[in-house]
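Peer 1: One structure, pasted below without further comment.
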Amino acid sequence: MPMPPLPDLASLSLAEIARLVEENRLPPVESWNPEHCGDSEMRIARDGTWYHQGSPIGRAAMVRLFSTILRREPDGRFVLVTPVEKLDIQVEDAPFVAVEMKAEGESERMKLAFRLNTGDLLTAGPDHALRFEDREDGPRPYLHVRRGLEALIARAVYYELAEIALANGSAPPGVWSNHAFFALEPRA
């Protein structure tokens, strides 16, 4: 079955995004517990590029498909899981990258929708929290995707978040989405 085309975030309203998110049914990977079978020989680079045996996976539909069976184990490892096998996959930072953002509303009524490099759409809020880490090379913003999986927010999208935070005048600087406030500073 072919994967549907990726949506154009700019042309969608947040109500349309919410409908698309609701329609997106993922496999129940949390209920699958097969034996560990080894290494997938796959890696997800910090920029969101998926590799197999050292070569980039060029077919976006394959990456989107693999992303639906990705799971984070309680010990922090990442695996690709099906009902009959579980294979390790190396993740350099976060398995997804938030590459686009759309904002609607103002202050506490604002909603922020994100498109991931896999085409997934999410609206930040209590179930999809934003968090920020300070690293040697600068701040790293993340968006919770599902079941312990996160998206690194692309630098250009982070700058959009920072503009919103500075414009709303909150102390500390931060953004609202779905009635939740997210400070653009690391949590202690």
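The values are calculated or read from the model by the stated rules, or taken from the named source; none is laboratory data. This one's a predicted model, so the numbers in the text were calculated from it and none came from an experiment. Cβ coordinates were reconstructed from backbone atoms using ideal geometry, including for glycine residues, and neighbour counts include every protein chain displayed. All accessible areas refer to the heavy atoms of the entire protein, side chains included, with ligands and DNA or RNA removed. Shrake-Rupley method; radii C 1.70, N 1.55, O 1.52, S 1.80 Å.
Peer 1: Among PRO173, LEU130, ALA156, flag the residue with its Cα farthest along the positive direction of the charge dipole of the stretch 123-188, charges on Cβ as +1 for Lys/Arg and -1 for Asp/Glu.
Peer 2: Going by the Cα projections, it comes out as LEU130.
Peer 1: For the stretch 144-188, what is the convex hull volume of the alpha-carbon atoms per residue, in Å³?
Peer 2: Convex hull of Cα atoms, per residue: 96 Å³.
Peer 1: Percent relative contact order of the chain, based on C-alpha pairs within less than 8 angstrom and at least six residues apart?
Peer 2: Once normalised by length, the contact order is 19 percent.
Peer 1: Calculate one ³J(HN,Hα) per residue across the stretch 62-69 by plugging θ = phi - 60° into the Karplus curve 6.51 cos²θ - 1.76 cosθ + 1.60, and present them in order as whole Hz with x for glycine and proline.
Peer 2: 5, 4, 4, 5, 4, 5, 6, 10
Peer 1: Starting with the highest mean, order 49-56, 78-85, 162-169 by the number of other Cβ atoms within 10 Å, averaged over the residues of each peptide.
Peer 2: Ranked by mean Cβ neighbours within 10 Å, highest first: 78-85, 162-169, 49-56.
Peer 1: If you plug each phi of the stretch 145-154 into the Karplus form 6.51 cos²θ - 1.76 cosθ + 1.60 with θ = phi - 60°, what whole-Hz ³J(HN,Hα) values come out, in order, with x for Gly and Pro?
Peer 2: 9, 6, 5, x, 8, 10, 10, 6, 7, 4
Peer 1: With a probe of 1.4 Å, find how much accessible area the stretch 38-188 has per residue, and write the answer as a whole number in Å².
Peer 2: Value returned for the stretch 38-188: 49 Å² of accessible area per residue.
Peer 1: If you wrap a convex hull around the Cα atoms of the chain, how much volume per residue is inside, in Å³?
Peer 2: About 137 Å³ per residue, rounded to a whole number.
Peer 1: Rounded to the nearest 500, what is the chain's calculated 222 nm mean residue ellipticity when only DSSP H runs of at least 4 contribute -39500 (n - 2.57) each, over all residues?
Peer 2: My calculation for the chain gives -5000 deg cm²/dmol from helical runs alone.
Peer 1: In whole percent, and with a 1.4 Å probe on the protein chains, what portion of the accessible area of the chain is carbon and sulfur?
Peer 2: 53 percent
Peer 1: Dipole of the chain, Cα-centred, from +1 at each Lys and Arg C-beta and -1 at each Asp and Glu C-beta, to the nearest 20 debye?
Peer 2: Computed about the Cα centre, the dipole is about 260 debye.
Peer 1: From the residues SER55, TYR142, ILE69, which one has its Cα farthest along the dipole of the chain in the positive direction, the dipole being from +1 and -1 charges on Cβ of Lys/Arg and Asp/Glu about the Cα centre?
Peer 2: Positive-end residue among those listed: ILE69.
Peer 1: Would you please report the Å³ per residue occupied by the convex hull of the alpha carbon atoms in the stretch 56-161?
Peer 2: Convex hull of Cα atoms, per residue: 133 Å³.
Peer 1: Please identify, among SER67, SER31, SER40, the residue showing maximal mean-square fluctuation in a Gaussian network model of the chain using a 10 angstrom Cα cutoff.
Peer 2: SER31
Peer 1: Along the stretch 121-131, what does the Karplus equation 6.51 cos²θ - 1.76 cosθ + 1.60 (θ = phi - 60°) give for ³J(HN,Hα), rounded to whole Hz, x for Gly and Pro?
Peer 2: Values per residue, Gly and Pro as x: 10, 9, 10, 4, x, x, 8, 9, 6, 9, 9 Hz.
Peer 1: Okay, moving on. Would you mind giving the average projected area, over all directions, of the Cα convex hull of the stretch 76-118 in nm² with one decimal?
Peer 2: If I average the Cα hull's projected area over directions, I get 5.1 nm².
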